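Readers should treat all values here as calculations from the given coordinates under stated rules, not as data from a laboratory. None of these values were measured; they are calculated from a predicted model. Please note: Cβ atoms are built from the backbone with ideal geometry, for glycine as well, and neighbour counts cover all protein chains shown.
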Amino acid sequence: MLGDGGETPSRYELLSMVKKHSNLIGKTVVEEQDSSDVEMDMKFWHDVFDLYFVRGKESRGRQDDDLVFFVRKLVSRSSGSNNDSESVDPYFVRRWAPELSNLVDETSIDVDWRRSFYLNLIAHTSFSVTVAICSHQVLQNHQAGKDTSLSPIYKVVKTVYASPSRVNFQLDSKKAMETTPAYPDICFAIDDFDSTFDAVVLTEKDHCYCVVLNAHDGAAFPIEEVSNDCSTSDNSSPELCFGTNSTKKKDTKLTLFSGFVSYQMVRDAYDAGKSRFGSLLSGGHYPGKTDRIYMKGPGGRGEVEVAVSGVSGIY
């Protein structure tokens, strides 16, 4: 077992190990001929999961969410009658405990430890969404490689949380919100969207509406420990050398989604109340004054649901 007979590996060491051996990252279906790969070694993934999210010192510090997600195997989800299989969620959740045995027992045989590791890696990472109004002309010049400063006219940055559940917002506030499993899709909901983005108003035809999702901290960005070994330096002084360890964390930010739509696209979709833009935009009228617009990311990866309403004196 990983970590037996020695010091428990850090998250940085564990993630480096995963990166080294993960030949099947990105595959949703694993072929039988790949079964010899470490990706299919459930004992390996069980141990990595345990050390990364339960027994590791970073987990004991509870720097991130105290919820731990367990993805069910496809076989366990499809077992039983058709009616029963439809009611079985693809994952279940437990509150963190210092021992994995306190979280799962006999149900652990139904856990897909590989998918559970990656789901928790995402769920325990910090994300932020930036919604901005930019000049369409400036954005086009920037994309064309022209030396143009890309400064937004207005922007709002909001912390968001990754979840394997989808929140179906009812734009009619009198109705309750409904939450349904979305896994393997990952969703980022902003339940106070109406107050958070009420100042994001498109008023000029040159305006465009931009959405950017970034990952920047948490479980996917572990801290690297650097050993200060005095013996490697010829000029080391015994009086000044303590041989302690320090930490090094890269100031990294990864953009997972980036998309924009022009003022005219938003206006046309809002006025029409239905799709006019194929895979880029679709909209639909709902009761009340607020409508929904759906933005697709580059290459069709990712989707943003935006609530759009007219502003008195503008629309």
Check your understanding: Can you sort L100, L51, L74 so the residue with the fewest Cβ neighbours within 10 Å comes first?
Key -> L74, L100, L51
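To make sure I understand, if each residue's beta carbon is the centre and we count other beta carbons within 10 Å, what order do W113, W96 fall in, fewest to most?
On the way: W113 21, W96 16.
Ranked by crowding around the Cβ, least crowded first: W96, W113.
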Revision key, fill the gap. With label points set 7 Å from each Cα along the Cα-to-Cβ direction at N141 and D217, the distance between them in nm comes to 3.5
Practice item. Would you calculate the separation in nanometres between label points at A182 and D198, each defined as 7 Å from the Cα along the Cα-to-beta-carbon direction? Key: 2.5
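Kindly state, to the nearest 0.05, the FRET efficiency for L67 paired with T255, given R0 = 25 Å and r defined as their beta-carbon distance.
Numbers: r = 26 Å, r/R0 = 1.02.
The value I calculate is 0.45.
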Exercise for review: Hey, can you grab everything whose amide H is under 5 Å from the amide H of T179? Only 5+ residues off in sequence or another chain; H modelled, so Pro and N-termini drop out.
Suggested key: N168
